[in-house]
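Novice: My questions all concern the structure below.
The values are calculated or read from the model by the stated rules, or taken from the named source; none is laboratory data. Owing to the predicted nature of the structure, the values given are computational and were not obtained by experimental measurement. Note that we place each Cβ from the backbone using ideal geometry, even for glycine, and neighbour counts take in every protein chain shown. Surface areas here come from the heavy atoms of the whole protein model, side chains and all, with no ligands, DNA or RNA. Shrake-Rupley method; radii C 1.70, N 1.55, O 1.52, S 1.80 Å.
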Amino acid sequence: MGLYVTTLRFILGDQLNPEHSWFTTPSSDIVYTMMEVRQETDYVLHHAQKIIGIFAGMRDLARMLLEQGHRVHYIAIDDPQNQQSLTANLDLLLSLYKCDLFEYQEPDEWRLDEQLKLFCKTLQINSRMVSSEHFYATRDETATLFTGQKQWLMERFYRQMRTRHGVLMQNAKTPVGDKWNFDQENRKSWIGTPAEPADLRTAHNHSALWTVIQAAGVKSFGNPQATAFQWPLNRTEALAQLEVFIEQVLPNFGDFQDAMSVKSWRLFHALISFALNTKMLNPREIVTRVEQAWQSDCVSLATAEGFIRQILGWREYVRGIYWANMPGYAQHNVFNHQSPLPEWFWTGDTKMRCLSHAIGQSLEHAYAHHIQRLMVIGNFSLLAGLDPEALHRWYLGIYIDAFEWVELPNTVGMSQYADGGLLATKPYVSAAAYIDRMSDYCKGCHYNKKLREGEKACPFNALYWDFFARNKETLSKNFRLGMVYRTLEKMDVVAQESLQHQANSTRARIEHL
Ligand SMILES: Cc1cc2nc3c(=O)[nH]c(=O)nc-3n(C[C@H](O)[C@H](O)[C@H](O)COP(=O)(O)OP(=O)(O)OC[C@H]3O[C@@H](n4cnc5c(N)ncnc54)[C@H](O)[C@@H]3O)c2cc1C
Ligand code: SF4
């Protein structure tokens, strides 16, 4: 290997975009590097599929770049030279290739951003961070929009994004259909029809890779599905999956996006978050493709708008929240919740059918859809008083799409309200009635959805009222919770005490629920 190379370009495991402008022309003066390191497998306990998916995607991108004539130095997890730390490996490579320039793409995680910034300060050569060419908004755009405001409303951000990028607009100011938001039309439960979409994703056998990962001593949990691994390996596969979603699944997405069922783990969700967050896909191409589907009458405007809001609105918005609040966002804990996660978060072994299904499928597929994450697992965690930071680490580990910039605001902000309402206008909590309305979980559950008290009472019910009672000081002035507090006030003292007693006993036997 020659030593005349001058630039080392570093690609992180969630930067698997072969269309980045870096790769336009191969050059013998540039070495690309990717590395599988214990630093990244071990910062939380990860689901096996997440580790396999990222390593397999990195290996595939390295292969593709080599085929295109680029120079690539790939460090595998079992490479004897591997220092298992990003910066220790980079040090070795910079001196091996006698580089006089180091470049990396903008990391999405504060931890890595800091690490690389500090690393660059130690270098005797020039270094440069370049855009990852992925997001619509810059890191600090959201913070600028909301300067001086106590609450950062997603809807305001979303409208600005629609206007700025001309998405679903009649003209510079007016949205198509004369409405920004078609949310009310989007809430139905699912009773088996229309049929669940067929899973047409390509299956890969990653058992050799899985053996290497295990032999390297990487700890993980969940089903690796190593012999029939279905998350996309590269952009080509991700694009094919996106097309199938838009043509066959998206027409039903809007109607059933809040539905949950034991009969289907994905219902009509896109399963694109892994490909999107690893940058195999670009958000612009998804938004454009969905807009086209509406223009060609393949989906309704309500469906297209509802889906685009997730990508152009929520996804970009939570990233802005993340960068505006780091470091320190993970430590927010407005309710001072301290309870550890029950053991069954790692097994799904609970008599609560909703949680057993949502956690069970997360262990099986490294995936749960939004309402399962928010209104089953997150809802229970908040009502039960689980430590939001411990919960954040669990979410960060278990989901194939979990990267801190998107997971942390969703968990600590949206789901646990631990930031005191910066992101959510009220806590997303419910008693059994909501879960029953949106799912088939309650029928056949060990617990009775209608009861508030007694052995068989659904744990959500007493915990729900107790949550509002014990957090009266923080929440009662929230105008969106007026009805809840009026109902609480109407309850007599005996009823309130008995709910509190039931909630305490529920928390005391949390391991056995
Ligand atoms: C507690 C909690 C933790 C979450 N953790 C993550 C995470 O680690 N990574 C992640 O990508 N999403 C996370 N989400 C958001 C959402 O649940 C997932 O994006 C979605 O379930 C991914 O599945 P899908 O691709 O089938 O999405 P669909 O339901 O089909 O939605 C399409 C896309 O919209 C985007 N999207 C939708 N809602 C959100 C949101 N609230 N924030 C950001 N993007 C959104 C995603 O890119 C998603 O792929 C979390 C939500 C909650 C409540
Ligand atoms: S009865 Fe309660 S615990 Fe059982 S599935 Fe319904 S909400 Fe969940």
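Novice: Which residues, taken from the stretch 263-319, are over 30 Å from Ile11 (Cα atoms) and of a type in the set (S, T, N, Q)?
Specialist: Those that are over 30 Å from Ile11 (Cα atoms) and of a type in the set (S, T, N, Q): Ser264, Gln292, Gln295, Ser296, Ser300, Thr303.
Novice: Please verify whether the stretch 292-299 includes one or more residues that are open to solvent by less than 30 Å² (accessible area, probe 1.4 Å), of a type outside the set (Gly, Ala, Ser) and more than 15 Å from Tyr136 (Cα to Cα).
Specialist: yes
Novice: Right, here's the next one. Identify all residues within the stretch 173-210 that are surrounded by 12 or more Cβ atoms within 10 Å (Cβ to Cβ) and not in a loop (DSSP other than H, G, I, E, B); write none if there are none.
Specialist: Once the filter is applied, which keeps residues that are surrounded by 12 or more Cβ atoms within 10 Å (Cβ to Cβ) and not in a loop (DSSP other than H, G, I, E, B), the stretch 173-210 yields Pro175, Val176, Gly177, Asp183, Glu185, Asn186, His204, Ser207, Leu209, Trp210.
Novice: A further question on this structure: Condition check: modelled with pLDDT of 95 or more, part of a helix (DSSP H, G or I) and farther than 18 Å from Glu364 by Cβ. Does Val218 satisfy that?
Specialist: No; evaluated as a whole, the condition is false for this residue.
Novice: Also: Kindly indicate the residue of the stretch 262-287 that is more than 16 Å from ligand 2 (Cβ to nearest atom) and among the charged types (D, E, K, R) and also most open to solvent (accessible area, probe 1.4 Å) among those meeting that condition.
Specialist: Result: Arg284.
Novice: Here's something else I'd like to know. Are there any pairs, at least 6 apart or on different chains, whose C-beta atoms fall under 6 Å, with the first in the stretch 223-247 and aromatic (Phe, Trp, Tyr) and the second open to solvent by 10 Å² or more (accessible area, probe 1.4 Å) and outside any helix (DSSP H, G or I), and if so, which?
Specialist: Hits for this filter: Phe229/His204; Phe229/His206; Phe245/Ala270.
Novice: Right, here's the next one. Is it fair to say Met1 is open to solvent by 20 Å² or more (accessible area, probe 1.4 Å) and either of a type in the set (A, V, I, L, M, F, W, C) or modelled with pLDDT under 95 (or both)?
Specialist: yes
Novice: Which of the numbered conditions does Asn336 fail, given that it passes all the others? Conditions: (1) polar (S, T, N, Q); (2) in a loop (DSSP other than H, G, I, E, B); (3) crowded, with 19+ Cβ neighbours inside 10 Å.
Specialist: The single condition Asn336 does not satisfy is (3).
Novice: Mind checking whether some residue in the stretch 376-384 is among the aromatic types (Phe, Trp, Tyr) and within 22 Å of Phe307 (Cα to Cα)?
Specialist: No, the conditions are met nowhere in the stretch 376-384.
Novice: Here's something else I'd like to know. Name the pairs: first residue in the stretch 14-30 and assigned to a loop (DSSP other than H, G, I, E, B), second residue surrounded by fewer than 18 Cβ atoms within 10 Å (Cβ to Cβ) and at pLDDT below 95, Cβ to Cβ under 6 Å, at least 6 apart or on different chains?
Specialist: Sorted first by the residue in the stretch 14-30, then by its partner, the pairs are Asp29/Thr6.
Novice: Pairs please, first residue from the stretch 316-331 and within 14 Å of ligand 1 (Cβ to nearest atom) and open to solvent by less than 30 Å² (accessible area, probe 1.4 Å), second anywhere and part of a loop (DSSP other than H, G, I, E, B) and of a type outside the set (Gly, Ala, Ser), Cβ atoms under 6 Å, 6+ apart in sequence or on different chains.
Specialist: Correct list of pairs: Glu316/Tyr136; Ile321/Leu423.
Novice: Checking Asp258 against (1) buried (at least 23 other Cβ atoms within 10 Å of the Cβ); (2) not in a helix (DSSP H, G or I): exactly one of these is not met. Which one?
Specialist: Going through (1) buried (at least 23 other Cβ atoms within 10 Å of the Cβ); (2) not in a helix (DSSP H, G or I) one by one, Asp258 breaks only (1).
Here is a yes/no grid of residues against (1) acidic (Asp, Glu); (2) under 17 Å from the mean Cα position of the chain (by Cα); (3) at pLDDT 95 or above:
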residue: Thr236; (1), (2), (3): no, no, yes
residue: Leu242; (1), (2), (3): no, no, yes
residue: Gln257; (1), (2), (3): no, yes, no
residue: Ala270; (1), (2), (3): no, yes, yes
residue: Met280; (1), (2), (3): no, yes, yes
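Novice: Inside the stretch 40-58, can you point out the residues that are surrounded by fewer than 18 Cβ atoms within 10 Å (Cβ to Cβ) and in a helix (DSSP H, G or I)?
Specialist: The answer is Asp42, and nothing else.
Novice: What pairs can you find where one residue is in the stretch 385-412 and without any contact (Cβ under 8 Å) to a residue 24 or more places away in the chain and under 20 Å from Thr41 (Cβ atoms), the other is open to solvent by less than 10 Å² (accessible area, probe 1.4 Å) and within 16 Å of ligand 2 (Cβ to nearest atom), and their Cβ atoms are less than 7 Å apart, with a gap of 6+ or different chains?
Specialist: Hits for this filter: zero, empty list.
Novice: Please pick out the residue among Lys443, Lys456, Lys426, Lys472 that is surrounded by fewer than 19 Cβ atoms within 10 Å (Cβ to Cβ) and within 16 Å of ligand 1 (Cβ to nearest atom).
Specialist: Lys426
Novice: Being open to solvent by 10 Å² or more (accessible area, probe 1.4 Å) and in contact with a strand residue (DSSP E or B) (Cβ under 7 Å, 6 or more places away or on another chain) is true for just one of Thr33, Thr6. Which residue is that?
Specialist: Answer to the selection: Thr6.
Novice: Applying the selection to the stretch 339-369, what residues are more than 16 Å from ligand 2 (Cβ to nearest atom), over 19 Å from the mean Cα position of the chain (by Cα) and not in a loop (DSSP other than H, G, I, E, B)?
Specialist: Across the stretch 339-369, the qualifying residues are Ser339, Glu343.
Novice: Hey, Val406 hits all of (1) at pLDDT below 95; (2) not in a loop (DSSP other than H, G, I, E, B) but one; which does it fall short on?
Specialist: (1)
Novice: Which numbered condition in (1) within 12 Å of ligand 2 (Cβ to nearest atom); (2) outside any helix (DSSP H, G or I) is the only one that Gln372 fails?
Specialist: Among (1) within 12 Å of ligand 2 (Cβ to nearest atom); (2) outside any helix (DSSP H, G or I), Gln372 violates only (2).
Novice: Something else now. In the stretch 429-440, what residues are more than 16 Å from ligand 1 (Cβ to nearest atom) and farther than 19 Å from Gly360 by Cα?
Specialist: Of everything in the stretch 429-440, those that are more than 16 Å from ligand 1 (Cβ to nearest atom) and farther than 19 Å from Gly360 by Cα turn out to be Ala431, Ala432, Ala433, Arg437.
Novice: Which of the residues belonging to the stretch 96-149 are open to solvent by less than 20 Å² (accessible area, probe 1.4 Å), in a loop (DSSP other than H, G, I, E, B) and under 21 Å from Tyr74 (Cβ atoms)?
Specialist: Tyr97, Cys99, Pro107, Ser132
Novice: Which residue pairs have Cβ atoms under 6 Å apart, sit 6 or more places apart or on different chains, and have a first residue in the stretch 342-358 that is on the phi < 0 side of the Ramachandran plot and a second that is within 16 Å of ligand 1 (Cβ to nearest atom) and not in a helix (DSSP H, G or I)?
Specialist: Taking only residues 6 or more apart or on different chains, the pairs are Ala358/Ala368.
Novice: Given Ser415, Ser498, which one is surrounded by 22 or more Cβ atoms within 10 Å (Cβ to Cβ) and either in contact with a Pro (Cβ under 8 Å, 6 or more places away or on another chain) or of a type outside the set (Phe, Trp, Tyr) (or both)?
Specialist: Just one listed residue meets the conditions, Ser415.
Novice: In the stretch 480-495, what count of residues is obtained for those that are under 29 Å from the mean Cα position of the chain (by Cα) and open to solvent by 50 Å² or more (accessible area, probe 1.4 Å)?
Specialist: Residues that pass the stated criteria total 1.
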